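A short reminder: the numbers here are calculations on the coordinates, not readings from a lab. None of the values given here were measured: they were computed from a predicted structure. Counting neighbours? That spans all protein chains shown, and the Cβs are built from the backbone with ideal geometry, glycine included.
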Amino acid sequence: MGSQLWVKSADSVGRAQIVVSSVYWGDSQTAPISARPGDVNIPLSIVLANVGDDVARAVSTRLLLTTSFSFEYYQNGEKRFSSSVSQSAGDIQAGMSQRLRFILNIASNATEGIYRLPLQISYSSARELQEVSTTQNVDVPIWRGKLHIQRIVTVPEKIYPGSIGVLLKIWIVNSGQGAEQDLEVRLALDKPFKASSSGSDRVFVGIVSSYQATLAEFHIDVDDTARYGDYSVRLLSLVGKAAPSLLGLVPLYLNEKVRFEAINLSPEQISSGDTGVTVSLSIKNIGGIAAKSVRVQLRPGNYFSGTLTDFLGTLDPGEQKIAFFTLDVDGKALEGDCRVDLRIDWSQDENSLYDTVAVVFKVRKKPFVMQYALQLGLAALILVALTYYRMRKKAHAG
């Protein structure tokens, strides 16, 4: 498939001579496309050249198709198929060429290889007005692309249960002789994985030329409840309107992540309006690896404030340490169980990680006497002071 070098023969002296100079798929000889089994309405370009000394009049052609090829057309609104297709090139001046465009379908069960199709050519030489009919063979290749996963990288390098927005970089190589066109690749994500955002599990790659590699980037999240260990994700390829097919398996490894337990909350019950309440809470490492630089932070709602952060340092597997907080409770805090998030930040394998566990406080309204004792005492003091002031004023006046 490509250009051919033709030498003028003795028979072409003083007359026209039409030959096939090049054949390629697509509309550009400098950027040809690949044809593969199952392609529909794909253009095949055949370039005719007049290597004679005379004008070739009324050049017409008829391409005979094998069972792997067909020509589709409509007659009276009904789709029909033909095993041959005709094209007219008109007149071709001596030394000039003309491209003919044949729109073909390729059978989905066609085998890879180079097919030889007969091209019947007829024309007449302007001087002799004698019709010439020849048949020349054109070689038409059909190749599939063969896509493989070449390399996989995750950013960050280590991923854990609960990892968010993981960048998954997959290099795809085409080891086949044909190019893959209109290629889209998708991750078939199942638990514990999901797309970080709409469309982040698919990439439109476009063209992957033969023996070339291309990069596809995805963003995925990992469920908090996932177990550490080996996983595999299916990578699917879609070419044009064809059904998705398995391109390969993407191996992923989830590293063990430290797990924590919050126990022994004291006091469990607090009252609205309390200030400076010292709260203690035991944080236990129930995982199998050490957590370094552990920091805990209570993240309550609008009714709580105070010193809400404590630093615990390193927690080895099975070890527990007590965190202390100082809590102020708004007098408008609602009575009942109050769920508060406890965020735990730590470093592991030189990665900064975090997790959240729940802490439940029981909020109670203060009894009436306690709630207003301070106000009553203050009112009594004001009354005593006022009485004393009046008595002194009266004595001074007397």
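Pairs spanning more than 23 Å between alpha-carbon atoms, out of Lys158/Lys194; Lys321/Lys365; Lys194/Lys292; Lys158/Lys191; Lys332/Lys362: Lys321/Lys365; Lys194/Lys292.
The residue among Pro118, Gly199, Ser232 whose Cα reaches farthest toward the positive pole of the charge dipole of the chain, with charges on the beta-carbon of Lys, Arg, Asp and Glu, is Gly199.
Along the Cα-to-C-beta direction of Asp224, a point sits 7 Å from the Cα; which residues of the stretch 300-333 have their amide N less than 18 Å from that point? Of the residues in the stretch 300-333, 300-301 have backbone N under 18 Å from the label point off Asp224. Of all DSSP-defined beta bridges confined to the chain, some 95% are antiparallel rather than parallel. Over the chain, the hull volume per residue, using the convex hull of the C-alpha atoms, is 289 Å³. Here the stretch 10-142 is assigned +1 on the Cβ of each Lys and Arg and -1 on the Cβ of each Asp and Glu. Its dipole about the Cα centre then comes out at about 180 debye. For the chain, the longest principal axis of the Cα atoms and the long axis of helix 368-397 meet at an angle of about 50 degrees. Taking a ≥ b ≥ c as the square roots of the eigenvalues of the Cα gyration tensor, the stretch 147-254 is classed as prolate, since a/c reaches at least 1.5 and a/b is larger than b/c. Note on the chain: helix-only mean residue ellipticity at 222 nm, from DSSP H runs of 4+ residues weighted -39500 (n - 2.57) and normalised by residue number, equals -2500 deg cm²/dmol. Coordinate range of the alpha-carbon atoms in the stretch 278-333 per principal axis, descending: 43, 16, 15 Å.
Under a model in which nothing but the beta-carbon of Lys, Arg (+1) and Asp, Glu (-1) is charged, the chain shows a dipole of about 1580 debye around its Cα centre. For Gly145, the residues whose modelled amide H falls within less than 5 Å of its own, excluding neighbours fewer than 5 places apart on the same chain, are Gly178. Around the Cα centre of the stretch 33-91, unit charges on the Cβ atoms of Lys, Arg, Asp and Glu (plus for the first two, minus for the last two) sum to a dipole of about 240 debye. With a simple spin-label model that places each label point 7 Å from the Cα along the Cα-to-Cβ direction, the separation between Thr67 and Ser232 comes to 3.7 nm. The H on the amide N of Ser196, modeled in the peptide plane, is under 5 Å from the matching H of His219, Ile220, Asp221, each at least 5 residues off or on a different chain.
Since only Phe81, Thr66, Gly313 are under comparison, the one whose Cα sits farthest along the positive direction of the charge dipole of the chain, derived from C-beta charges on Lys, Arg, Asp and Glu, is Gly313. Over the stretch 125-219, what relative contact order in percent results from Cα pairs under 8 Å that are six or more residues apart? Contact order relative to length: 29 percent.
Just so you know, the Rg over Rh for the stretch 64-203 is 1.22, from Cα atoms, with Rh as the Kirkwood radius. The spacing between the stretch 29-105 and the stretch 135-175, judged by their C-alpha centroids, is 35 Å. Partner aspartates and glutamates whose Cα lies under 18 Å from the Cα of Lys146, excluding those fewer than 8 positions away in the same chain, are identified as Asp39, Glu112, Glu180, Asp182, Glu184. Look at the alpha carbon pairs under 8 Å that are at least 6 residues apart: their mean separation over the length of the chain gives a relative contact order of 10 percent.
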